[in-house]
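Structure record follows, encoded as structure tokens.
Taken together, the values in this text are just the output of simple stated rules run on the coordinates, not laboratory data. Keep in mind the model is a prediction, meaning the values are calculated, not measured. Cβ: placed from backbone, ideal geometry, glycine included. Neighbour counts: every protein chain shown.
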Amino acid sequence: MGFMNNSWFQPPTLILTGIPGLEAVQIWMSIPLCTMYLIALLGNCTILFVVKTSSSLHEPQYIFLSMLAATDVGLSLSTLPTVLNVFLLNHRDIEFHSCLTQMFFIHTFSSMESAILLAMAFDRFIAIRNPLHYTVILTPPRIVGMGLAAVVRGVILMAPLPILLKRLPFCKDVILSHCYCYHPDVMKLACGPVKVNIIYGLSLVLCSFGVDSVFIVVSYILILKTVLGIASEGGQLKALNTCVSHIFTVFIFYVPLIVLALIHRFGKFASPLLHVTMANLFLFLTPVLNPLVYSLKTKQIRSAVHKVFKVRSNILK
């Protein structure tokens with residue numbers, strides 16, 4: 001969908017992409033996608049509800065978990081309109097400024113999630129390294145401050161992205177690689193100088209996701225060192241067991257994010273299906289699996305969910 005004479009312009013709309021070569025069955029793909037959105041929204045809202053209503057969960061670990069759930073809800077809602085439009089209604093146009101707005105929210109919530117995962121790693125480190133001072137160090141004001149810092153950092157770092165893109169001329173095809181707006185994907189359509197965009201994009205990746213991941217690794221090295229100092233094997237396993245859910249969450253967040261970034265940076269000859277697969281894993285893996293993992297793995301969450309639904313069913317009777 002090119003434009004005559006490669007005229008420089010800011011396109012009124014961009015074209016989103018579903019699954020290349022499988023356009024005929026995309027409506028059927030909307031069924032599992034709707035199911036995943038429902039699981040993500042219902043699961044994370046349930047986590048938020050049980051943490052808020054259960055006094056036994058008013059502890060730092062579960063407050064951080066509720067922050068993570070709120071971020072996952074925001075990420076899901078940011079992508080839901082365009083994903084369902086493409087797969088369910090086959091509406092692939094998105095207005096240029098709407099695209100930039102969606103891109104800002106997707107990247108902001110991703111940065112916030114990374115910061116909250118770091119806060120949760122710090123929480124596990126304090127709980128294992130210094131359990132007697134756990135609630136003294138992680139006081140409610142400090143927890144709120146860490147949450148606000150994640151929000152402010154995400155907004156400040158990601159706000160320049162749409163501004164830097166808006167200054168560029170676009171004279172190439174306006175077809176994106178995904179069913180949502182992603183910064184490297186939009187940037188590659190520009191025909192103006194994108195050096196500033198590339199440098200800033202790499203800088204914010206290093207300053208947010210890069211720094212967070214390094215500190216998460218350092219936290220777990222220190223946690224492992226502390227655990228190995230515990231005399232009993234049972235004590236070691238009990239301490240490590242409190243970290244399993246968080247380790248799994250870190251893995252499912254960072255792996256698709258890194259692979260998607262590498263595909264956009266180096267995967268010029270990669271299959272379009274690989275682009276779509278990794279993009280959708282980045283969208284759905286963390287919001288869908290996080291509430292399931294914590295509900296299945298954490299006894300306190302499981303008990304609180306069961307208690308809440310039991311009380312609700314008794315009221316309805």
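Relative contact order (percent) for the chain, with alpha-carbon contacts under 8 angstrom and 6 or more residues of separation?
Relative contact order comes out at 28 percent.
Based solely on its DSSP helices, what 222 nm [θ] is calculated for the chain when runs of n ≥ 4 H residues each add -39,500 (n - 2.57) and the sum is averaged over all residues, nearest 500 deg cm²/dmol?
Rounded to the nearest 500, it is -24000 deg cm²/dmol.
If you take the beta carbon distance between Phe49 and Asn241 as r and set R0 to 25 Å, what does 1/(1 + (r/R0)^6) give as a FRET efficiency, to the nearest 0.05?
0.50
Go through Phe309, Ser54, Ile156 and say which Cα lies farthest out towards the positive end of the charge dipole of segment 10-316; charges sit on Cβ, +1 for Lys and Arg, -1 for Asp and Glu.
Ser54
Starting from 0.36 nm per residue, how many nanometres of slack lie between Ser203 and Val155 once their C-alpha separation is accounted for?
My answer for the length gained is 15.8 nm.
Hey, quick one: spin label on Val194, modelled 7 Å out along Cα-Cβ, who in segment 83-124 has an amide N within reach, i.e. under 11 Å?
So the set is empty, nothing qualifies.
Given Leu202, Leu75, Thr226, which one lies farthest toward the positive end of the charge dipole of the chain, if we put +1 on the Cβ of every Lys and Arg and -1 on the Cβ of every Asp and Glu?
Value: Thr226.
Once you've got the Cα coordinates, tell me which of Lys52/Lys307; Lys238/Lys297; Lys166/Lys188; Lys225/Lys299; Lys52/Lys238 are over 22 Å apart.
Among Lys52/Lys307; Lys238/Lys297; Lys166/Lys188; Lys225/Lys299; Lys52/Lys238, the Cα-Cα distance tops 22 Å for Lys225/Lys299; Lys52/Lys238.
For the Cα atoms of the chain, what angle does the longest principal axis make with the long axis of helix 272-297, in degrees from 0 to 90, nearest 10?
That helix lies at roughly 20 degrees to the long axis.
Can you give the angle from 0 to 90° between the axis of helix 211-228 and the longest principal axis of the chain, with both taken from C-alpha atoms, to the nearest 10?
Here the helix axis deviates by roughly 20 degrees.
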